[in-house]
Amino acid sequence: VQLQASGGGLVQPGGSLRLSCAASGGIFSINVMGWYRQAPGKQRELVATITRGGVTNYADSVQGRSTISLDNAKNTVYLQMNSPKPEDTAVYYCNLRATTFVSWGQGTLVTVSS
């Protein structure tokens with residue numbers, strides 16, 4: 001299974017960003033998809049997850065300004081973040097947890113800067 005992420009790049013503080021990640025390449029049943037991020041010199045951390053049934057979980061740092069959504073038909077997860085801050089700068093990784101395996105995307109760099 002491959003995870004292809006897109007939507008990273010340079011974003012201005014106070015703007016918005018939208019990441020997407022499409023899973024392909026096999027027959028699988030998604031249990032949970034989500035986004036994690038790793039800033040320079042820091043450990044990878046949870047941003048948000050969503051179950052196949054639509055139950056969401058957010059890190060405190062993005063709660064209230066981010067929305068994660070899942071299109072089950074397209075096996076694609078989205079992350080909409082409003083009012084990004086410089087501290088949101090990181091490589092964002094897509095994650096898929098299926099019944100029998102866990103898969104990570106290659107990462108997409110998000111830089112929040114004016």
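The values are calculated or read from the model by the stated rules, or taken from the named source; none is laboratory data. For clarity, every value in this text was computed on a predicted model and none was experimentally measured. FYI the Cβ positions are ideal-geometry reconstructions off the backbone, even for glycines, and counts take in every protein chain you see. Accessible surface areas use protein heavy atoms only, side chains included; no ligands, DNA or RNA. Shrake-Rupley method; radii C 1.70, N 1.55, O 1.52, S 1.80 Å.
Just one of the numbered conditions (1) under 22 Å from Gly64 (Cα atoms); (2) within 15 Å of the chain's Cα centre (by Cα); (3) open to solvent by 40 Å² or more (accessible area, probe 1.4 Å); (4) touching a residue at least 60 places away in the same chain (Cβ under 8 Å) is not true of Leu17: (3).
Tallying residues that are outside any strand (DSSP E or B) and touching a residue at least 24 places away in the same chain (Cβ under 8 Å) within region 20-39 yields 5.
Residues that are open to solvent by less than 40 Å² (accessible area, probe 1.4 Å), at pLDDT below 95 and out of contact with any helix residue (DSSP H, G or I) (no Cβ under 6 Å at 6 or more places or on another chain) are absent from region 33-53.
Cβ-Cβ distances below 8 Å connect the following pairs, each with a first residue in region 73-101 that is within 19 Å of Gly41 (Cα to Cα), a second residue that is open to solvent by less than 40 Å² (accessible area, probe 1.4 Å) and of a type in the set (D, E, K, R), and a separation of six or more residues or different chains: Asp88/Arg37; Ala90/Arg37; Val91/Arg37; Tyr92/Arg37; Tyr93/Arg37.
Among residues of region 81-108 being in a strand (DSSP E or B) and β-branched (Val, Ile, Thr), the one that is least open to solvent (accessible area, probe 1.4 Å) is Thr108. Scanning region 45-80 for residues that are more than 17 Å from Gly7 (Cα to Cα) and not in a loop (DSSP other than H, G, I, E, B) yields Glu45, Leu46, Thr49, Ile50, Thr51, Thr56, Asn57, Tyr58.
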